Amino acid sequence: MARQLERSISARRLLAGVLLSLGAASSLAAQATVVAPTPAAPSTPLSRHDSLSTCVGCPGTTHTVRAVTSAVVFELIPYTANRWVVKTPWSNTTLHSWSNNLRGGWGWDTDHFAVNQFAHPYSGNLSFNSARANGYGFWASAPFALAGSVVWEYFGETTRPSVNDLVNTTLGGITLGETTYRLSSLILDAGATGTTRIIREVGAALVDPPRALGRVLDGDATRVGTNPSGRLPSIVSSQVEVGYQRLSRGRAKSPLRGPDQPFAYYALNYGDPMGRDVHGPFSSFRLDGTFGAAASGILSQLRAVGFLGERELHGDSTTHHRLALAMNYHYYNNAAFVSGGQGFSGVLLSRYPLSGRNALRSEAWLMGVALAAVKSDYAASASAIANETARNYDYGPGAGGRVQVAFEHAARSSIEASYQATWIDVVSGTARRQAYQTFEARAQSAVARRVSVGLNEVLYNRTGFYTGRPTVRARDAVTQAFVAFRI
C-alpha cells in the first residue's frame, strides 16, 4: 500500500509533520520523568472508544464497525488521489485486474527502497491504529495491519500482489503503529485548554491520524477532563541533537573524506525495560530517527524497538539482569548504508551500579529478521530503477547478534560502544547472501544541565556473495559531531 503514499503525499510535508509532533512529545516527556511507576486504578473513559483515556496499554470497549470503516477510509484516500487526481496507471483497477490478482499468486515487486521500507510500514500503521483507537488491544489490532495489506495488494493496484509488501506492511505497521499510538498519548492532555490544547491535538493528529479522527467524532478533541493516574510510564526521556556529519565511501583510511551535511537526530526512551514498566507489549520502547540533507531523502534513519515481555533473572543486591522479547523495525537510507527490515529479538539486559552516580549497562541481542532489504552491488540500469522496473536492493530473511556496553556518569555523560553482525539469505535479488557488520562508538559530555556535546562514529562493513560474479566488500563510515539538548 505504500506506492500510493509516495505519489500522493509530499515527503517534505510528511517529515515536517513528524518533526513537529516529536517536538510536542518531547515537551510532555519532560513532565513525565517524575511519574510514579505504580499505576492507579483506571478512571471512567472520556469516550466509549478511546481506551487511552484510561490506560495506554489496555483495550477498551471495541467498536468493530468504526474500526473497519476507519481502515477503509485511510486506504481510499490515497487510492482516490492516485486514480482520479494523479491518474497513475497502476491505480486504474478493474474487475479484470482483481481477477488476475486473485488468480496470479504472489511475487516480489520493484518499487523504490523508500516506498517499500518506509511508506509500506507507515500505511500498515494506519490500519493498525484504526483498530487501536477503537478499543482494540495490541494483539487484536495486529490482524488489521495484515488485512489492510491483503486488501490493498489484491484490489488497490493492477500489479501482482507482493510478498515483501505483505511482510513490510504487516510487521512494520504493527511496530510503528503501537509506537505512534503511545506517542500520541504522550502528546495529548485532557486537561489542556486554549492554544496548548490545539497544539497538542494537532501534534497527536500528525502522529496518529486514525486516533485523531475518532477523537473528533467522539468530541474528545475539545472535551476538557482529568488525565487518569498511571497513564504514563515511570520514565520518559528524549534528546534532540543537531550538528554536522560526514559520510565516507569505500576504503577511506580517514573519516575526513566526503561531503559535510547538517543533520538532526531525535531519540525517545519510553519506559525503563530494567524497571517495572514492561507489563505489556510496548509498555517500554525506543524510537530514534536521523534527518539530513541527503540525496536519498530527508529521512536517513528510523529505528523502533518495543519490548513485548520480560523475565527477571537472579542477581545480587546491586546487579540486575533481565531477559526480554522485543519487536523491531529499522530503516537506513543514506550514502553510507542502505538497509531496512523488521523482526523479533531476544535480549539480555544487565545493569551494574558502580561507585557514586556511575553505572555500567550492557545488552546482548539475538535477532531474527523476518525480511530485510539490503543494497545490491550488481543492480540494473539507473533508468530501470527509476521507472520501477528493477530494484537495486536484495530481499531475504536472516539472523544476527548485537552487543552494546555503555558507561554512564550522573546520567549526563556517557561512553557507548556497540557491535552488530547480520546475515541475510537472499531469496529475491542479485546476491546469494548478504552479510554486514556495524561498529558504533559514541561519547557525550555534559556542558550544562540539559546541554551536552558529543562525537559519534559508525563503521559499516558489508559483504555481498554472488553466483558467477565477484564477491564485493564495502567499507563505509559516518562521522558525526553534535550538540545535544535533553528534554
With label points built 7 Å along Cα→Cβ from the Cα atoms of Y419 and A382, find their separation and express it in nm. 3.8 nm
Between the residues A324, A380, Y266, the Cα farthest towards the positive end of the dipole of the stretch 236-486, that dipole coming from +1 and -1 charges on the beta-carbon of Lys, Arg, Asp and Glu, is from A380
Inter-label distance, nm, simple model (7 Å from Cα along the C-beta direction), S355/T158: 7.4 nm
Based on the Cβ-Cβ distance from T196 to T467, what FRET efficiency comes out when R0 is 41 Å, to the nearest 0.05? 0.10
Report the extension gain between L76 and A364 in nm, rounded to one decimal, defined as 0.36 nm multiplied by the number of residues separating them, less their alpha carbon distance. 99.4 nm
If you filter the stretch 260-359 for trypsin sites (Lys or Arg not before Pro), then keep DSSP loop positions with at most 11 other Cβ within 10 Å, what is left? R357
Please report, in debye to the nearest 20, how large the charge dipole of the stretch 236-486 is about its Cα centre when each Lys and Arg carries +1 at its beta carbon and each Asp and Glu carries -1 there. 500 debye
With a ≥ b ≥ c the root eigenvalues of the C-alpha gyration tensor of the stretch 286-374, is it rounded (a/c under 1.5), prolate (a/b larger than b/c) or oblate? oblate
Rg/Rh of the stretch 305-458 (Cα atoms, Kirkwood Rh), to two decimals, equals 1.07
Loop sites in the stretch 300-340: chymotrypsin sites (Phe, Trp or Tyr not before Pro), DSSP, at most 14 other Cβ within 10 Å: none
Any trypsin sites (Lys or Arg not before Pro) in the stretch 65-129 that lie in a DSSP loop and have at most 10 other Cβ atoms within 10 Å would be K87
Read phi for every residue in the stretch 439-450 and hand back ³J(HN,Hα) as whole Hz from Karplus 6.51 cos²θ - 1.76 cosθ + 1.60, θ = phi - 60°, with x for Gly and Pro. 10, 10, 10, 9, 10, 9, 10, 6, 10, 8, 4, 10
One finds the C-alpha centres of the stretch 425-440 and the stretch 296-368 to be spaced, in Å, by 21 Å
Charge dipole of the stretch 56-133 about the Cα centre (unit charges at C-beta), most positive-ward option of V65, L76, N125: V65
Points 7 angstrom from Cα along the Cβ direction at V451 and S99: gap in nanometres? 6.9 nm
How high is the FRET efficiency from T69 to A264, r the C-beta distance, R0 45 Å, rounded to 0.05? 0.75
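FYI, it's all coordinate maths here, none of it is from the lab. This one's a predicted model, so the numbers in the text were calculated from it and none came from an experiment. For neighbour counting, all protein chains shown are included, and Cβ atoms are generated from backbone atoms with ideal geometry for every residue, glycine included.
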